[in-house]
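The values are calculated or read from the model by the stated rules, or taken from the named source; none is laboratory data. Note that the coordinates shown come from a computational prediction; the quantities given were computed from them, not determined experimentally. Quick reminder, even Gly has a Cβ in these numbers, built from the backbone with ideal geometry, and neighbours come from all protein chains shown. Calculation scope for accessible area: heavy atoms of the full protein, side chains included, ligands and nucleic acids excluded. Shrake-Rupley method; radii C 1.70, N 1.55, O 1.52, S 1.80 Å.
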Amino acid sequence: MTKRALVIIDLINDYLDHWSADEAARLIGETNTLAVAFRQAALPVIWVRPEFRPDLSDAFLEMRDKNLKIAIEGTSGAHLHAGLNWEPSDTTIVKKRYSAFYRTELEDILSAMGVGELVLCGINTHACIRMTAIDAYQRDLRVVLAEECIDSYDAEHGRVSLVYMNGKIAKVATVPEIIQALRPLQAAGALPPEAASSFDATRTSVPARPAEQNNVV
C-alpha cells in the first residue's frame, strides 16, 4: 500500500511572470485539477516555494554573485500565484535551494504522513523538479512527474531531464492517468490497500517545451 502526496514546486509570481500568459495559465489550470483530485481522495497537497532575505544572505551562489533579487521575502514576487487553488488545510514549505528536501521539513512531514510516493508539479524541469525527484528517489520514495504540470524555460535541458528520469528515477504520467489511479480513493475518501502505484514505468515519450527564457533556475 502506497500513500501519495502532491508536491507543487515554485509556482510563484516572480517566476511565472516570465512565462507567456497562455503557458502560465496551462500550468496553473492543470495543477489545480490535480490539487482538487488529491483533496477529494483525502491525500496531502504540499506547496513548496522559494523565499530569500533582501540582502541575499540565505540565497544560493548565483543569486549572490549576480545580485539577483528574486523571490524576496515580504514581496508579492515570493507569493504563490493567485490563480492557484491553494487551501488553508494544505501544507506550505519555504525552501532556499533547488531541492524541496534541502534543509526543509519536507522529509519529516512526509514520514509523519506515511507517504511513499510523490506526484510532482511545477518548474523548472531541469532544475528544481529534477533535484527534488532525485532527492526523493534517494529516500526510497517513488516519484511520478505530472506531464502537463511540469515545464522548463530551457526546452532542451527540460527534455533531456525528462528522458533521463522517466523509467529510472521517476515515471511520467498524464493528469488523466494520475486522476484515474486516484478514483478508488475519491470514492472512498480514504486510502484502500489497492492504492499502490499503477503508472506505466515504460513510457519514454516527452512533450515539447516552450522556447528558452531568461530565468535563474
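When Ala127, Ala136 are screened for being closer than 17 Å to Lys3 by Cβ and open to solvent by less than 10 Å² (accessible area, probe 1.4 Å), only Ala136 passes. With respect to (1) in contact (Cβ under 8 Å) with a residue 24 or more places away in the chain; (2) within 16 Å of Ile93 (Cα to Cα), the lone exception for Tyr153 is condition (2). Counting only strands (runs of 3 or more DSSP E) that sit completely within the stretch 1-114, those holding 1 or more residues that are farther than 21 Å from Glu148 by Cα and open to solvent by less than 30 Å² (accessible area, probe 1.4 Å) correspond to 45-50, 91-95. Checking Ser161 against (1) open to solvent by 10 Å² or more (accessible area, probe 1.4 Å); (2) of a type in the set (S, T, N, Q); (3) farther than 13 Å from Ile8 by Cα, only one condition comes out false. Which one? The one condition Ser161 does not meet is (1). For the stretch 115-146, residues that are outside any strand (DSSP E or B), among the charged types (D, E, K, R) and farther than 17 Å from Ser161 by Cβ total 2.
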